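Below is one structure; the comments refer to it alone.
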């Protein structure tokens, strides 16, 4: 397993990691915009070169609030790959929201359907796939992902997750419970399993583009290790 923690976790934009159009505050300074645009262009070429070396879909795993969809969209754009959100695909297949499906059918039935959807998606051409927080916990789904994809765990601390999920109230597992207590419970249960992912990347407490750059670097190092026949600690 590879763990990447380099780079400061900061709420201030990093010049090296922030791509225009991300979460950094817009500036009216044309000179600053030009410099940012030049940095983005210089970062695009290595990412596109990395994409040429990939032969598997990239699957993002982690708890709710880890940034899988947000980071996934930006990662896919950098690599020139399609982005797919497994939860949205499940809702389309079910004809209702995940919250409604949970309420009507329960978690076990949902996980069965989730596994079938992910299996179908992994049969598609290479893309970046964001999965729900519980998907990787299912042994069959986990085995499928390990066989067909490169899995990346976006790891985030409890306070970080709480801050992010506070923006939404549609999380089925957080209905009618104390969010902090429930998330702490899920961390205890799920983090040892998430650690089985091919790569582990710390989710930055700041612009999502910081995390994107960490993921790109993790994949690059992972591919280099595979080609040399070694595995990084």
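The values are calculated or read from the model by the stated rules, or taken from the named source; none is laboratory data. Remember, predicted model here, so these are calculated numbers, not experimental data. Using ideal geometry, Cβ is built from the backbone for each residue, glycine included, and neighbour counts are taken over all protein chains shown.
Computed values, structure above
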item	result
Residues (more than 13 Å from residue 131 (Cα to Cα) and buried (at least 19 other Cβ atoms within 10 Å of the Cβ)) located in the range 55-80	74, 75, 76, 78, 79
Unique residue being farther than 22 Å from residue 119 by Cα, touching a helix residue (DSSP H, G or I) at 6+ places or on another chain (Cβ under 6 Å) and either at pLDDT 90 or above or part of a helix (DSSP H, G or I) (or both) when the list is 17, 47, 32, 66	47
